[in-house]
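The structure appears right after this line, and notes come after that.
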Amino acid sequence: MSLAEAVRAARGTRDWQRLVQALPFANFLQLRIDVRGELLTCVLPAQERLVGNRTLPALHGGATAGFMDCAAILFLLWRTDAVTLPKAIDFNIDFLRSAKVQETFAEMHLVKLGARVANVRVLAWQTEPEKPIAIGHGNFLLAP
């Protein structure tokens, strides 16, 4: 199934998990999507294989960054009419605290949606949204 078919199917059935299955890295991370009304939250389950520092233990920064990037892309596919993959122009992350090996959540906010470019803010946390582990900000190219 192509990404466009997966996006159309997800919109038709409101089964947003189809989007995760259509993105190989999101599928590798075993992301889950939780939609409640107008709010989409992505969930990264606790996985020992994603540990970067075994001494702490803490999630690998690349796993956290990949999770946040995937979350932003999934959010744009959910929020816009796009049926093609949004392409990252740039994505900046501020790592605020060490991420433990436990469920991690991402909440996305659309800062600006233009005809060709979308600006998204991603907040990642584990126990409380008020204590984020990282904040990301990205610009994505949307296909015409």
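The values are calculated or read from the model by the stated rules, or taken from the named source; none is laboratory data. Just so we're clear, the structure is a prediction, and the values are computed from it rather than from any experiment. All Cβ positions, glycine included, derive from the backbone under ideal geometry; neighbour counts span all protein chains shown.
May I ask you to list the residues in region 41-64 that are surrounded by fewer than 18 Cβ atoms within 10 Å (Cβ to Cβ) and within 25 Å of Asp15 (Cα to Cα)?
Those that are surrounded by fewer than 18 Cβ atoms within 10 Å (Cβ to Cβ) and within 25 Å of Asp15 (Cα to Cα): Thr41, Val43, Pro45, Ala46, Gln47.
For region 23-44, which residues satisfy the criterion of being closer than 16 Å to Gly66 by Cβ and either among the charged types (D, E, K, R) or free of Cβ contacts under 8 Å to residues at least 24 places away in the same chain (or both)?
Matches in region 23-44: Pro24, Asn27, Phe28, Gln30, Arg32.
Among (1) in a strand (DSSP E or B); (2) at pLDDT 95 or above; (3) under 22 Å from Arg14 (Cα atoms), where does Cys70 come up short?
(1)
Looking at (1) buried (at least 16 other Cβ atoms within 10 Å of the Cβ); (2) touching a Phe, Trp or Tyr at 6+ places or on another chain (Cβ under 9 Å), find the lone condition where Phe75 falls short.
Condition not satisfied by Phe75: (2).
Conditions first: (1) without any contact (Cβ under 8 Å) to a residue 12 or more places away in the chain; (2) under 20 Å from Thr104 (Cβ atoms); (3) surrounded by 15 or more Cβ atoms within 10 Å (Cβ to Cβ); (4) not acidic (Asp, Glu). Arg11 passes all but one, so which condition is the exception?
The number of the failed condition is (2).
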